[in-house]
Structure formats: structure tokens, C-alpha cells
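Derivation of every value follows stated rules applied to the coordinates shown; laboratory data play no part. For clarity, every value in this text was computed on a predicted model and none was experimentally measured. Please note: Cβ atoms are built from the backbone with ideal geometry, for glycine as well, and neighbour counts cover all protein chains shown.
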Amino acid sequence: MSDERRLGEHLGRALDRILHDLTDIPAPRVEPSDWQDWPGAESACLWAPDGSGTGVWLDTALPPAEQVVHLADQVQEWAVEELCAARRPTNWPRCPEHPDNHPMTPVVVDSRATWCCPRSGRAVVEIGRLPGDDAARESS
Ligand SMILES: [Zn+2]
């Protein structure tokens, strides 16, 4: 690649929030990309340490909360595959009400991107505010 690409502003902001909640596996390397060339789209590739990559994108025409939810869906798919490959439980982010059953689902609640229990429909926590083990995380 000769030209240095930069991560889209909306995509960067949304990814920051989602990756904050991703505590169970190492965060992916985020590589700016223009694979999604729809008007108003911002896209990137997520690269796992094992070299597997996946494309994610968002539509900047959507309200910010919907951008985050749409992106969270895609990051969740990526994370499930990573967890599966690592032979770890794939229910990220774990539902506090049903920790052994299912992951939470990203939903827009009151104009906020929120992790919800898919069974009870309860809004558990805003995306980007999942309590994690901050001390265990690398301070890079
Ligand atoms: Zn649940």
C-alpha cells in the first residue's frame, strides 16, 4: 500500500466504544480500508493476532447510536469466531442474567447503543461501558 489511509471519524469513534467492552480476547488490529465503497460508508478490517481478518463498516447517514449497534453486530460476529478458535465460550458479551446461555444483543434504547438481554429484553449497559477488568488490560 502506497497511500496512507486513515480510519473514518465515525467508525473510529464507534469502534473505540465497542472494543472497550471486548475484554475476553485480545483486541484486533484495526486497519483502515475502503472495501465498502458505498456513498457515506466508512470501513476497516479487523485483524486477529493469528492473521485472520474481517471487514467491518458503518453507514454515516445513520444516527450515531444506530451506527454503533450496526458495528457492534459485526464486531460480535468477529469475536465469536475468535473465541471459537480459541476454544473459549463464545457468548460475548456475557448476559449477566443468563451467563451460561447467550450473549447480549446490541440494540438502540432511548437513542443509546445498548447491550440487551435477548430473552428478557432488559437493557443491561450502554455499549462502551461494560464493567471490565481494567487492571488486567494492557495499557498500550
Ligand atoms: Zn439474558
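Taking 0.36 nm per intervening residue step and subtracting the Cα-Cα distance, what contour gain separates Ser52 from Gln36 on full extension?
Stretched out fully, the Ser52 to Gln36 stretch lengthens by 3.9 nm.
Would you tally the net charge around Ala65, using a Cβ to Cβ cut-off of less than 10 Å, leaving Ala65 out, and scoring K and R as +1, D and E as -1?
Local charge sum for Ala65: -2.
What FRET efficiency would be calculated for the residue pair Arg129, Cys84, taking the C-beta separation as r and a Förster radius of 25 Å, to the nearest 0.05?
FRET efficiency, Arg129 to Cys84: 0.45.
What is the pair-distance distribution P(r) of the chain, computed from all Cα-Cα distances in 10 Å bins starting at 0, with each bin given as a whole percent?
Calculated P(r), rounded to whole percents: 12, 41, 36, 11, 1.
For Ala41, what charge total do you get from the other residues with a beta carbon under 12 Å from its beta carbon, if Lys and Arg give +1 and Asp and Glu give -1?
-4
Which value, in debye to the nearest 20, describes the size of the charge dipole of segment 9-94 about its Cα centre when Lys and Arg Cβ atoms bear +1, Asp and Glu Cβ atoms bear -1, and nothing else is charged?
380 debye
Does segment 1-50 classify as rounded, prolate or oblate by the C-alpha gyration tensor (a ≥ b ≥ c root eigenvalues; a/c under 1.5 gives rounded; else a/b over b/c gives prolate, otherwise oblate)?
In terms of gyration-tensor shape, oblate.
In nm, to one decimal, how far is the Asp59 label point from the Arg122 one, both placed 7 Å along Cα→Cβ?
Each label point lies 7 Å from its Cα, and together they span 3.2 nm.
Any idea what the relative contact order of segment 22-100 is, in percent, if you count C-alpha pairs under 8 Å spaced at least 6 apart?
21 percent
Please compute the net charge surrounding Leu83, taking Lys and Arg as +1 and Asp and Glu as -1 over other residues with Cβ under 13 Å from its Cβ.
-2
Find how much the distance from Asp100 to Arg13 grows on full extension, using 0.36 nm per residue of separation minus their present alpha carbon separation; answer in nm with one decimal.
Taking 0.36 nm per residue and subtracting the Cα distance, the gain is 28.3 nm.
Return the single residue from Trp115, Trp57, Trp38 with maximal mean-square fluctuation; model: Gaussian network over the chain, springs between Cα atoms under 10 Å.
Comparing Trp115, Trp57, Trp38 in a Gaussian network model of the chain, the most mobile one is Trp38.
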